[in-house]
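Following: one structure in structure tokens, then a few remarks.
The values are calculated or read from the model by the stated rules, or taken from the named source; none is laboratory data. The structure displayed is predicted, hence computed values, not measured ones. Please note: Cβ atoms are built from the backbone with ideal geometry, for glycine as well, and neighbour counts cover all protein chains shown.
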Amino acid sequence: MKRQDTKLSINLNKVALLRNQRHVGYPDPVLAGRTVLEAGAHGLTVHPRPDERHIRKTDVTALAALAREDRWKAKGVEFNIEGNPFDDYLSIVDRTRPDQATLVPDSPDAATSDNGWDVFAEEGRLRQVIATLKGLGCRVSLFMNATDDPEPAMRKAANLGADRVELYTGPYADAFSTRDRDAVLARYVKTAEAAVAAGLLINAGHDLTTENLPALVRALPRLDEVSIGHAFTSDALWMGLDGAVKAYLDALRPAAGASSEAA
């Protein structure tokens with residue numbers, strides 16, 4: 001797989017969060033989803049939580065139907081549902097049959113996802129859930145931390161039946177403008193290499209921006225998909241949804257930002 005083939009999946013949670021502040025029904029996450037697909041995004045991501053504080057179950061159903069439209073399926077558009085498999089996560093997946101299920105170990109009251117799985121402590125639960133999801137026809141990705149000793153965890157993730165890992169990039173984003181950037185980035189490279197060696201594909205997500213994406217894309221041995229929501233929605237306030245999609249697609253090209261960083 002060539003690095004420029006990294007897929008861009010847009011997380012629509014923040015659009016839904018804004019919609020939920022009023023009773024008027026807009027901005028519509030489904031309309032936003034259609035707009036970003038028309039602009040060239042490769043997929044849509046949602047992370048429904050039990051309190052429905054942003055994405056609602058009805059949104060998940062409507063967005064799944066959008067992604068299944070013939071014009072988008074012909075272009076390989078994918079639908080990704082993130083979440084901790086508690087409450088009715090599995091039933092939501094069963095009803096909507098997304099292309100990918102991304103398992104994230106966040107608590108119901110978490111403001112956002114902020115840690116990866118301990119695949120050893122959660123082995124029994126994850127093995128069962130992964131088998132169920134794959135039985136529903138979903139590709140399964142596990143949200144994972146980048147570490148200094150990633151090989152055991154990556155081998156375990158593969159042994160549990162996961163197809164991919166999604167690298168939690170919050171620490172990378174935090175370090176990007178500091179003197180710790182290179183050391184932290186090296187940890188992600190090492191973790192990605194261990195994932196590849198274990199036969200896993202690699203996704204990434206959390207606080208990725210047009211500024212910090214290019215260095216990550218160039219450094220990792222492969223990057224199959226990124227899911228971006230908060231920064232994307234923020235940029236769209238100034239660029240528009242169409243312009244923001246194009247900006248992130250540009251940032252995913254391996255040479256993006258090389259000249260400016262060299263200077």
**OP:** Please verify whether region 99-120 includes one or more residues that are surrounded by 14 or more Cβ atoms within 10 Å (Cβ to Cβ), more than 15 Å from LEU133 (Cβ to Cβ), small (Gly, Ala, Ser) and within 17 Å of the chain's Cα centre (by Cα).
**Re:** yes
Residue pairs within 8 Å by beta carbon, gap of at least six or interchain, first lying in region 197-225 and within 15 Å of PRO150 (Cβ to Cβ), second modelled with pLDDT under 95 and surrounded by 24 or more Cβ atoms within 10 Å (Cβ to Cβ), listed first then second, are none
Against the condition modelled with pLDDT of 95 or more and farther than 20 Å from HIS230 by Cα, how does GLU151 come out, does it pass?
yes
Considering residues that are outside any loop (DSSP other than H, G, I, E, B) and touching a Ser or Thr at 6+ places or on another chain (Cβ under 7 Å), the number found within region 24-48 is 3
In the set ASP174, ASP180, the lone residue that is free of Cβ contacts under 8 Å to residues at least 24 places away in the same chain, among the charged types (D, E, K, R) and under 21 Å from ASP148 (Cβ atoms) is ASP180
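Does SER234 count as over 21 Å from ARG187 (Cβ atoms) and modelled with pLDDT under 95?
Values: over 21 Å from ARG187 (Cβ atoms): yes; modelled with pLDDT under 95: no.
The answer is no for SER234.
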TODO: For ALA162, indicate whether it is modelled with pLDDT of 95 or more, farther than 24 Å from THR210 by Cα and under 17 Å from the mean Cα position of the chain (by Cα).
DONE: yes
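Can you find even one residue in region 68-79 that is more than 22 Å from VAL245 (Cα to Cα), among the aromatic types (Phe, Trp, Tyr), buried (at least 22 other Cβ atoms within 10 Å of the Cβ) and modelled with pLDDT of 95 or more?
no
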Expected single match for of a type in the set (A, V, I, L, M), surrounded by fewer than 17 Cβ atoms within 10 Å (Cβ to Cβ) and either in contact with a Gly (Cβ under 7 Å, 6 or more places away or on another chain) or within 27 Å of GLY124 (Cα to Cα) (or both) among VAL196, VAL189 is VAL196
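For (1) within 19 Å of GLN100 (Cα to Cα); (2) in contact (Cβ under 8 Å) with a residue 24 or more places away in the chain, each residue gets a yes or a no:
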site	(1), (2)
HIS23	no, no
ALA32	no, yes
PRO50	no, yes
ILE55	yes, yes
LEU63	yes, yes
LEU66	yes, yes
ALA74	yes, no
Quiz prompt | Some residue of region 173-182 being of a type outside the set (Phe, Trp, Tyr) and buried (at least 20 other Cβ atoms within 10 Å of the Cβ) | solution = no
Over region 137-160, the set of residues out of contact with any Asp or Glu (no Cβ under 6 Å at 6 or more places or on another chain), surrounded by 15 or more Cβ atoms within 10 Å (Cβ to Cβ) and either of a type in the set (A, V, I, L, M) or not in a loop (DSSP other than H, G, I, E, B) (or both) is LEU142, MET144, ALA146, GLU151, ALA153, MET154, ARG155, LYS156, ALA157, ALA158, LEU160
